[in-house]
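**Q** Quick one: the structure is below, and I'll ask about it shortly.
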Amino acid sequence: MIARPEGPKPDQIACLYEVTTAIHATLDLRKALYKVLDLLSEHLGMERSSITLLQPETSEIHIEVAHGISQAAKSRGRYRLGEGVTGKVIESGKPMAVPDIDAEPLFLARTGARVRPDKAKISFICVPIKEGQRVIGALSVDRVFDHTVPLEEDVRFLTIINSLIAQKVALLERINREKEQLSEENIRLRQELSKKYSFSNIIGNSRKMQEVFHLITQVAKSNANVLLLGESGTGKELAANAIHYNSLRANKPFVKINCAALPANLVEAELFGYEKGSFTGASRTKEGKFELANGGTMFLDEIGSLALESQGKLLRVLQERELERLGATKVIKVNVRLIAATNKDLAAAVESGTFREDVFYRLNVYPIYLPALREREADILLLADYFLEKYSEEYGKGIKRISTPAIDALVRYHWPGNVRELENCMERAVLLCDDQVIHSYHLPPTLQTAEDTGTQPSQSLEEATERFEKEILIDALKTSRGNMKRAAGALKTTERIFGYKVRKYGINPKQYR
């Protein structure tokens, strides 16, 4: 215990306990450090104290928090490494105890905070704050000079306090670094998403797709609700991504929900949330998707599957921008842009009474029709090449191109599953292909016999063989750039036989040069 002239001995154990509690009670570093200095003053009579921290980048020392020092005096408390008592302590990593600051030439009194009408002498104690071997700052305190009280006792006690402060500072430095890393990663991922879902990355050069690009460009920067129409697999979700990530809400939440995938009794709970105890199993309060999307965009896929009762609540969100959780009476305001998608004819659903007319007109502010793949024949080969490159890289295969007969089969097919079916088809072909070329026999049976799905009779064995043989000859000529000799050698046959087959099938080698 340390005796003080003005009162009874302080309880150091109680002080240490309260300091420990204060440090671990909050993640707010400044609040914790202020509390530590208050406790030192309360328990040990240290009227003026400060915690200085070192900026490693600039080697500047500044007062982070202070007790008994004005804001103006605190702002003057700046030092360089090795400058003054504080600078020496942080530079050396060793504590200093100055019995009388007036007799110490190193003491700079830069803050000008020590006004002593009674001319009392002041002792100054400065102890380094260390994280391992690294000095990160210092704790400094004043006390009234008393030659009967050993300053070493204060040094030892403040060293214990500093070890707790160092742990707190190190923890918060680590948390701040992780926050910065997460923030940087978040920015990078948002940039990647924006790039990935740019409408310019939607594959399509056909006239109908150019119209879609124009409509997306026009509506993206607005807050208008968008209704995406078209068959399943035409890329409605991709269009929704493009609209959001090119909008003014790109940095806000983008929440997606498939109405058809949710049971009817859970749709409202998912969309609008619920209060604890509102129904059996509601053990906690849960925010709905609209709350999570507040400030951003909500994408409701297959909205034609939404029940009539849920449509009524959706109308309130669209009109009033407010909702109530299940089991609650409190109204929650939300600011959400809605993008809806459906493969159903909503106008017909309105006529039949299965979809509310008022909801339909609220959604149908800006309709965009995504054309079926059979309506954009010019894009089939473009998409096929894109998926070939994608899956060839994913599965580590060096597939270079699609053979002419395979291209013919792709173009002839009617694609009821649209772009999604084409993607699945190309993934399958890449998996089956052990060559550098996708052949027609790598395609699904439905495409291989596409020519036979109409009124034409099935191919005979001779016709199928001739078709396969012609495909091989053309591939060899493409590889050899129309050189008959090299093409024949690649197929391990004579140039004479190769030439005979070329003439038989009416192939012109010059067009492959």
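**Q** Provide the FRET efficiency to the nearest 0.05 for the H414-N258 pair, computing r from the beta carbons and using R0 = 25 Å.
**A** Step by step, r from the Cβ atoms, then E = 0.45.
**Q** In addition: Using Cβ contacts closer than 10 Å as the measure, can you line up R503, R30, R48 from fewest to most?
**A** Fewest to most other Cβ atoms nearby, the residues stand as R503, R30, R48.
**Q** May I ask you to evaluate 6.51 cos²θ - 1.76 cosθ + 1.60, the Karplus curve with θ = phi - 60°, for each residue of region 364-374 and list the ³J(HN,Hα) values in order in whole Hz, giving x for glycine and proline?
**A** 7, 5, 9, x, 10, 9, 8, x, 5, 4, 5
**Q** I would also like to ask the following. Could you work out how far apart the two model spin labels at Q12 and R401 are, taking each label as a point 7 Å from the Cα in the direction of the beta carbon, and quote it in nm?
**A** Going from the Q12 label point to the R401 one covers 8.7 nm.
**Q** ³J(HN,Hα) across region 283-294 via Karplus (A = 6.51, B = -1.76, C = 1.60, θ = phi - 60°), whole Hz, x for Gly/Pro?
**A** Whole-Hz 3J(HN,Hα) from phi for region 283-294: 7, 8, 7, 10, 6, x, 4, 5, 5, 5, 8, 3.
**Q** I would also like to ask the following. Long-range amide H contacts for F355: which residues qualify at under 5 Å (H placed 1.01 Å from N, peptide plane, sequence gap of 5 or more or a different chain)?
**A** So F355 has HN proximity to V350.
**Q** Taking the Cβ of L382 as the centre, find all other residues whose Cβ is under 12 Å away and add up their charges (Lys, Arg: +1; Asp, Glu: -1).
**A** Overall, the nearby charge balance is -3.
**Q** To test your reading of the geometry: what angle, between 0 and 90 degrees and rounded to tens, separates the Cα axis of helix 151-196 from the longest principal axis of the chain?
**A** Around 20 degrees separate the two axes.
**Q** Quick query: amide H of L228 versus all other amide H atoms, modeled in the peptide plane; which residues come in under 5 Å with a sequence gap of 5 or more or a different chain?
**A** It is A340, A341, T342, I368, by chain and number.
**Q** Give the long-range amide H neighbours of G296: residues separated by 5 or more places, or on another chain, with amide H under 5 Å away, using H modelled in the peptide plane at 1.01 Å from N.
**A** R337
**Q** Hey, what did region 373-458 get for relative contact order, percent, Cα under 8 Å, at least 6 apart?
**A** Computed value for region 373-458: 34 percent relative contact order.
**Q** Regarding region 12-175, what is the average projected area of its C-alpha convex hull, in nm²?
**A** Mean projected area for region 12-175: 9.4 nm², to one decimal.
**Q** Something else now. Starting from the 7 Å offset along Cα-to-Cβ, what nm value, one decimal, do you get for the label separation of R503 and K333?
**A** Rounded to a tenth, the inter-label distance reads 8.7 nm.
**Q** Output the relative contact order of region 12-175, whole-number percent, from Cα pairs under 8 angstrom with separation of 6+ residues.
**A** 22 percent
**Q** So what does the Cα-only Debye profile of the chain read at q = 0.06, 0.07, 0.08 Å⁻¹, as log10 I(q)/I(0), no solvent term?
**A** The Cα Debye sum returns log10 ratios of -0.60, -0.70, -0.78.
**Q** Sticking with this structure for a sec: Mean separation of Cα pairs under 8 Å and 6+ residues apart, divided by the residue count of the chain: what relative contact order is that in percent?
**A** 9 percent
**Q** Can you compute 3J(HN,Hα) from phi for each residue in region 24-29, using the Karplus curve 6.51 cos²θ - 1.76 cosθ + 1.60 with θ = phi - 60°, rounded to whole Hz and x for Gly and Pro?
**A** Values, residue by residue: 8, 7, 8, 8, 7, 4 Hz.
Coordinate-derived values only; no laboratory data. The structure displayed is predicted, hence computed values, not measured ones. Every residue, glycine as well, gets a Cβ built from its backbone with ideal geometry; the counts of neighbours run over all protein chains shown.
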